[in-house]
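In what follows, a single structure is set out as structure tokens and then discussed.
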Amino acid sequence: MTTMQTNRFWTKLAELLLLAVFGTVPILMSSLMDRGFEIAKHSFAEPAAFLALASVLLASGWSWIARTTLATQIAAACLTTFLGLAVVSTLLAESQALAVFGGYYRREGLLAWASYAAFFFAVLGWASTRSASRLTGLLDLMLLASVIPAGYAIQQRLGLDFFFVVNLDPTRPNGTLGSPLFLGAYLAILMPLTAIRGWHERRSPGLWFWLAVGGLQLAALLLTQ
């Protein structure tokens, strides 16, 4: 296998892992344990994020970061600094195991933050070698995945929940994200992107599709209060 073929293989693997995270994590949920939503999502996303970053580095190393914009480099530097401070905080923690893995039945320790950073850099590295159409496809998948949490939140509000969730507030649905706050933040971030996709399709029938997706997101966002 030539160097070019090897790089293409690792780039494709990174793409598949990123697609899996974008498409699967918003949908994953578990009612079998307290805080099962976060645990299920981290259990899938953490290894996929680290593997995606490793694939990007095997394909092109860190050379791509020099080709990014100044704003992107500043964001990357800030995230790296934050992660470095998190490492120092973990080393000085009274309970290092708790600091690494997280507590309160959540995986929100250093391992989680490291996986967020890995995913961030994996997306940047992959995007630096992709065409605009491939990036649009990734964005579309991310937006389409939001239909499940949003639709399920509306279903919960209508009293048609098929999952038993402990201490669920029937007036504030949480969809598949485990908390109305998380669901609201998730949808609020995606709605401007949905609006941009609709604008791109304003002269085609695709506009009506993205209007429907955006309407579903807005309805679920309002239900989270």
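The values are calculated or read from the model by the stated rules, or taken from the named source; none is laboratory data. None of the values given here were measured: they were computed from a predicted structure. Positions of Cβ are backbone-derived with ideal geometry, glycine not excepted, and every protein chain shown enters the neighbour counts. Just so you know, the surface numbers come from the protein's heavy atoms only, side chains and all, with ligands and any DNA or RNA stripped out. Shrake-Rupley method; radii C 1.70, N 1.55, O 1.52, S 1.80 Å.
Tell me the label only: which of [x] 58, 56, 34; [y] 116, 46, 22; [z] 51, 49, 32 is Cα extents along the principal axes in Å as calculated from this structure? Evaluating Cα extents along the principal axes in Å on these atoms matches [x]. Note on the stretch 45-60 and the stretch 70-111: Cα centroid distance 19 Å, given to the nearest whole angstrom.
Accessible surface computed residue by residue for the chain, with neighbouring protein chains in place and a 1.4 Å probe, gives 56 Å² per residue. For the chain, the relative contact order works out to 23 percent when only alpha carbon pairs closer than 8 Å and six or more residues apart are counted. Using a probe radius of 1.4 angstrom, the carbon and sulfur fraction of the accessible surface of the chain is 72%. In terms of packing, defined here as the mean over residues of other Cβ atoms within 10 angstrom, the peptides 80-93, 208-221, 132-145 line up highest first as 208-221, 132-145, 80-93.
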